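The values are calculated or read from the model by the stated rules, or taken from the named source; none is laboratory data. Bear in mind the structure is a predicted one, so any value in this text is a computation, not a measurement. Cβ coordinates were reconstructed from backbone atoms using ideal geometry, including for glycine residues, and neighbour counts include every protein chain displayed. Just the protein is used for accessible areas: all its heavy atoms, side chains included, with ligands, DNA and RNA removed. Shrake-Rupley method; radii C 1.70, N 1.55, O 1.52, S 1.80 Å.
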Amino acid sequence: MTYTTLITSTQLQALQASGQPFMVFDCSFDLGAPAAGRQQYEQAHIPGAVYADLEQHLSARHGAPDAHGQVQTAQSDQPASGGRHPLPSRERFAQWLSSVGFRNDMQAVVYDRQGCNFCGRLWWMLKWAGHDAVAVLDGGLQHWVAHGGATVQGEEAAHFQSNFELKPSLRQLVTADEVLAQLQQADAQTIVDARAPARYRGEVEPLDPVAGHIPGALNRPFTENIALDGRFKPKELLRAEFDALLQGRDPATVVHQCGSGVSALPNLIAMEIAGFAPPKLFAGSWSEWCSDPTRPVAKS
């Protein structure tokens with residue numbers, strides 16, 4: 001069986017016993033203490049899980065492009081987006097997947113301890129690389145442990161090198177220039193900003209040099225997708241909440257963003273759970289947008 005959005009703890013336990021090829025990724029991270037995620041992984045993780053570090057493995061190594069989009073690196077190392085956590089190129093990402101032994105015939109399962117705030121990044125990147133068989137462990141490690149799932153400590157044995165092959169992208173990445181161009185066209189796009197309300201309104205900005213939001217953007221904090229039990233809200237409730245947010249706007253025009261392209265993903269995944277077609281991602285997000293003073297900024 002193939003899982004493409006969510007997988008439950010019970011389903012993962014069945015997958016472990018099935019003999020089907022799969023790989024589990026622990027994406028735990030702490031923006032305020034970048035080393036903490038690996039420490040959490042070493043303290044307890046699902047047996048066999050590979051650690052995927054947001055900054056080392058899921059972001060470009062050489063920083064964001066400058067104002068002219070130039071980065072002085074080899075073509076395969078050119079970031080695919082700007083912002084504080086620029087996407088690596090698809091080629092660089094495929095190299096990392098190959099280095100940890102991930103293959104095209106494998107089911108991927110991703111999780112974290114932070115309400116899908118970080119594992120959603122790897123989920124989307126695998127789709128972007130053309131790999132559909134990837135699912136978020138609903139409820140993360142906490143739900144896994146609460147339902148009898150085993151954990152181990154320390155590091156895992158290294159995997160044999162594989163040859164992960166890129167396929168046509170299954171999700172759409174948009175650039176800052178594309179977002180800017182669509183601002184001039186009525187009803188062409190609906191931007192959904194996943195940051196906390198105070199940051200969206202421009203009242204505070206703890207990370208980026210400019211406060212505010214992209215003009216016309218709607219605000220839905222990424223935490224609103226998760227129920228009290230730590231799992232995603234039911235499909236019907238998510239559908240109703242996004243319908244209320246969009247207020248008749250075409251869901252096909254939605255572009256998700258946040259501060260640096262990471263916490264936008266729970267919103268994007270929630271829309272897919274709710275039955276909407278896959279929306280677009282502006283991975284550079286606010287951190288890339290506000291780096292150019294010629295781009296418009298709104299506060300409210």
Angle check, please: helix 9-18 long axis (alpha carbons) against the longest principal axis of the chain (alpha carbons), in degrees 0 to 90, nearest 10. 50
Please compute the volume of the convex hull spanned by the alpha-carbon atoms of the range 173-291 and report it per residue in Å³. 98
Of the accessible area of the range 165-300, computed with a 1.4 Å probe and all protein chains kept, carbon and sulfur make up a percent value of 53
Output needed: Cys residues of the chain lacking any neighbouring Cys C-beta below 4.7 Å, sorted by number. CYS116, CYS258, CYS290
Whole-number percent relative contact order across the chain, with pairs defined as alpha carbons under 8 Å at least 6 apart: 20
Looking only at the chain, where both bridge partners belong to it, what percent of the DSSP beta bridges are antiparallel (to the nearest 5)? 10
Using Cα-Cα distances under 8 Å and only pairs 6 or more residues apart, what relative contact order does the range 173-291 have, in percent? 33
Normalise the Cα radius of gyration of the chain by 2.2 N^0.38 Å (N = residues in it) and let me know the number. 0.97
Express the accessible area of the range 173-291 per residue in Å², computed with a 1.4 Å probe while the remaining protein chains stay in the model. 40
Expected sort for 197-206, 153-162, 23-32 on mean C-beta neighbours within 10 Å, highest first, is 23-32, 197-206, 153-162
Relative contact order as a percentage, the range 88-231, C-alpha pairs under 8 Å and 6+ apart, gives 26
So how tilted is helix 119-128 from the main axis of the chain? Cα-based, degrees 0 to 90, rounded to 10. 80
